[in-house]
Structure formats: structure tokens, C-alpha cells
Amino acid sequence: MNQNQILLEAMKEYGLTELPGSGNPKIVQMSKDLGYPFNSDKDNWCGIFVATCVTRSGGAIPDKAYSARNWLKWGNPVTEPQTGDIVVFWRVAKDSWQGHVAIFISYADSRKEYVNVLGGNQGNKVCIAPYDAAHILGFRRVSSQV
């Protein structure tokens, strides 16, 4: 497993969107396939999406991978990200439990103030979107030990 495999798996789901009512059955099934009890796509599913991409690539995932910040315990930390690395962001407050996890694509600008990431639950779908680099908690890269 490597970053390219994770990225390829993620691109297979590009455009997957939440649905009204009980949600998109494909997103709900991702959760069930991982053994998590989410019954709707109204739950935060960014971690479930990344975990699905990693497991489909043959990799292991962190405990409670549905929680974005738990991805900070996965792989190896890196300071210079490459396309396909995992990136973890804080939400609400840097020291809160809330976060977002996605797959790094590139820096969005020459000053590295924004990053483009491919992720789930971004605007209620799988897409590439820019995020403020000031909210990054860390980048993680595939390792042989998780």
C-alpha cells in the first residue's frame, strides 16, 4: 500500500453525495464495512471515507478511525507533504475534539496558506476542496507499521 493506491481508491468515489432521508446507502455501507454503527450520512463521515480508502488499498487503520483526530496516530508524521498523504485539521478550536481528515492533493497557493484536499463530507460529498493551512494539525504518510 502507498499514497497512490489510497488516492486511486478515493477517486473511485469522487462525487459521492449525501442523500435526503436516511442517507446514501453507499456511505452507510462504508461505515458498516468498517464495523462502525453509523446509520446515516448525516454523521461526520470524513474519517470513514479515508478509512475506506486505506482498507481498500490493503492498509490498516487507526483505532476509532471515524474520528478525524485519531488519524494523527496513524502512519508516520511528515512536514513536507506529498500528494496522497493524509492531512488532519482542527475544527471549532485547535484544542477541541473536532476535526477533519482528508487526502492531501497540493498547496493551493504559492504562500502555502491553503491546501487542496480530496475527502468525504466536504460540502456533503466526496470532492477536492481548499482548506486553510493554519488549521492543519499534521500530515501523515503510509508506513509499514500503523
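What follows is calculated from the coordinates using simple rules that are stated; it is not laboratory data. What you see is a predicted model, and the numbers here were worked out from it, not measured in a lab. Ideal geometry is used to build each Cβ from the backbone, glycine not excepted, and the neighbour counts take in all protein chains shown.
Numerical summary
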read-out: Charged-residue dipole, Cβ positions (Lys, Arg, Asp, Glu), the chain about Cα centre, Debye nearest 20; value: 160 debye
read-out: Label point 7 Å beyond Cα of ASP95 along Cβ direction - residues of the range 117-146 with amide nitrogen under 19 Å; value: 135-138
read-out: Charge tally in the Cβ shell below 10 Å around LEU16, where Lys, Arg are +1 and Asp, Glu are -1, LEU16 excluded; value: 0
read-out: Nearest-20 debye value, the range 101-146 charge dipole, Cβ charges on Lys, Arg, Asp, Glu; value: 160 debye
read-out: Residues PHE89, PHE38 arranged by fewest to most Cβ contacts within 10 Å; value: PHE38, PHE89
read-out: Residues SER40 and SER110, FRET efficiency given R0 of 35 Å [Cβ-Cβ distance, rounded to 0.05]; value: 0.30
read-out: Pairwise Lys count, the chain - Cα closer than 25 Å, eight or more residues apart or different chains; value: 23
read-out: Normalised contact order of the chain, rounded percent, pairs of Cα under 8 Å and 6 or more residues apart; value: 26 percent
read-out: Furthest towards positive pole of dipole, VAL115, PHE89, THR55, structure part the range 3-141, Cβ charges; value: THR55
read-out: Proximal charge balance of ASP63 [Cβ under 13 Å; K/R count +1, D/E count -1]; value: +3
read-out: Chymotrypsin sites (Phe, Trp or Tyr not before Pro) lying in DSSP loop within the range 94-146, provided at most 11 other Cβ fall within 10 Å; value: TRP97
read-out: Ranking of ASP43, ASP63, ASP85 by count of other Cβ atoms within 10 Å, fewest first; value: ASP63, ASP43, ASP85
read-out: Mean Kyte hydropathy of 1.6 or more with a Cα span along the axis of at least 30 Å, helices from DSSP in the chain; value: none
read-out: Footprinting exposure proxy for GLU113, GLU80, GLU18 (fewest neighbouring C-beta atoms within 10 Å first); value: GLU80, GLU113, GLU18
read-out: Computed helical MRE - 222 nm, the chain, DSSP H runs ≥ 4 contributing -39500 (n - 2.57), nearest 500; value: -6000 deg cm²/dmol
read-out: Over the chain, volume per residue of the alpha carbon convex hull, in Å³; value: 101 Å³
read-out: Environment charge of TYR131, counting only residues whose C-beta is closer than 13 Å and scoring Lys/Arg +1, Asp/Glu -1; value: -1
